[in-house]
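Please read the structure below before turning to the comments.
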Amino acid sequence: MIAPQSIGPAFLRHERTLQPWRIALVLYTLFIIITSHWPGQAPEAIEPRHYVPDKLIHFLAFGGFVMLLWMSGWIRSWWMASLAGIGFVLIDEWTQSIFATNRHASVEDLIAGMLGVLTASGWMAAFATPAPRALGTRSRRQSFAMETLFEQPSNILRLALLGAVPLLLVAVLIYSIAWTLLGASYGNLALTVGLVAAMICMWVHIRQRMISILDAMTDPRPCFACGNSMKELAPDEAGWATCSVCGEEAHRSQWVRLVMPKTPLPMLIKADGISGTACLMLYLLLGLIFAPYALLVADQSGLAGAILYTSVGLITAMMWAGRHQLLGSWLTSMGTRCAQCGSDLMDVEVDRGLGQCPQCRTEFARFGRPQDDEEGGANGVHTPSNA
Ligand SMILES: [Zn+2]
Ligand SMILES: [Zn+2]
């Protein structure tokens, strides 16, 4: 770790990778302010049978705002970003009722926006969970590749287009089909299917790009803090080396694609213990069945959809955090059992932090020092315990 007060190469790299997100945040915020204050249609001009999924749009707009705000790095803690999001929802709804013609503040819009903020908070909290040191190194490999990908604003733009085009195409297609065949307006459904299509397209694209970036990383061996090549540095017996530019420590295994064990669904559900499982079940019932049903009966299908999105969003965030936790505890003892075939690796020799399973040739890492959550211990003396 570098000292936080130093404006060194690591700090400069970090600032550089945040730049595109800051531009995106400013443009996005302007877009929300303009569209939400755009004059609405006069009541008599509205075709009454067409239904705009405006509750879901509120949900997505403000959830997206909070995520971008957090990614911009202008607000460091996730709960501060959430508070800013809630403030924006309130102010936006209030100014709509004052400045925009044919628009009025509605409690349902407000609730939908808040639910978006809540869901984003769940994800930010999951991402912000501190990781054990070994897992930290592994996730930094991913985040370094992610930063490299989005350092260029053109890549963010490409991703935005890859989301927007399928979203619009699929949503319009589903809506028109439902309208023609059934004569009914299925705005919520069309938007939801469009969103799923958009997410699949974006995920496939990111995955492909990430694989090529991660593969290209093995030769220059970049420092994950400042980006400088660590190729020439010889690691110590346990596989550790210190970046000559910024002082960040790196383990030899951090540039290698290591096999991680599978985390089956029942294990993920149980990751948070009995109380966690109970919460998850209760949330499933409330969020996926009771609340949407009650609201559908009350003719609030838009809000029902927003609650559905919230529960799906929070449950996936919880499972992501659970998987992170499981991988963390597994990585702490990495080098004792093979992730691929389960063989005992206790007696297998490693060469400067990296070894191979004698049974299936799967590569594994051994960090050769206690793994703990304390970042402060990172600057301590190397203790190659397996030497
Ligand atoms: Zn460095
Ligand atoms: Zn094996």
Verdict on Gln142 being surrounded by fewer than 17 Cβ atoms within 10 Å (Cβ to Cβ), closer than 23 Å to Trp78 by Cα and either outside the structural domain of Lys55 (by TED's automatic domain parsing) or not hydrophobic (A, V, I, L, M, F, W, C) (or both)
yes
Tally, over the stretch 279-303, of residues that are in contact (Cβ under 8 Å) with a residue 24 or more places away in the chain and over 26 Å from the mean Cα position of the chain (by Cα)
2
Filter the stretch 317-338 for residues that are in contact with a Phe, Trp or Tyr (Cβ under 7 Å, 6 or more places away or on another chain) and within 13 Å of ligand 2 (Cβ to nearest atom) and give the result.
Met334, Gly335, Cys338
Leading residue by the ranking (surrounded by the most Cβ atoms within 10 Å (Cβ to Cβ)) among those in the stretch 78-113 that are in contact (Cβ under 8 Å) with a residue 40 or more places away in the chain and part of a loop (DSSP other than H, G, I, E, B)
Arg103
Can Gly313 be described as within 16 Å of ligand 2 (Cβ to nearest atom), modelled with pLDDT of 80 or more and of a type in the set (Gly, Ala, Ser)?
no
Residues in the stretch 286-297: is at least one surrounded by 14 or more Cβ atoms within 10 Å (Cβ to Cβ) and of a type in the set (Phe, Trp, Tyr)?
no
Residue ID - farthest from the chain's Cα centre (by Cα), chosen from residues in the stretch 234-256 that are more than 16 Å from Arg140 (Cβ to Cβ) and within 10 Å of ligand 1 (Cβ to nearest atom)
Ser244
Working only within the stretch 267-278, note down all residues that are under 22 Å from the mean Cα position of the chain (by Cα) and either of a type in the set (A, V, I, L, M, F, W, C) or farther than 19 Å from Thr310 by Cβ (or both).
Met267, Leu268, Ile269, Lys270, Ala271
For the stretch 233-247, enumerate the residues that are without any contact (Cβ under 8 Å) to a residue 40 or more places away in the chain and assigned to a loop (DSSP other than H, G, I, E, B).
Leu233, Ala234, Cys243, Ser244
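The values are calculated or read from the model by the stated rules, or taken from the named source; none is laboratory data. The shown structure was predicted, so the numbers you read here are calculated from the model rather than taken from an experiment. Cβ coordinates were reconstructed from backbone atoms using ideal geometry, including for glycine residues, and neighbour counts include every protein chain displayed.
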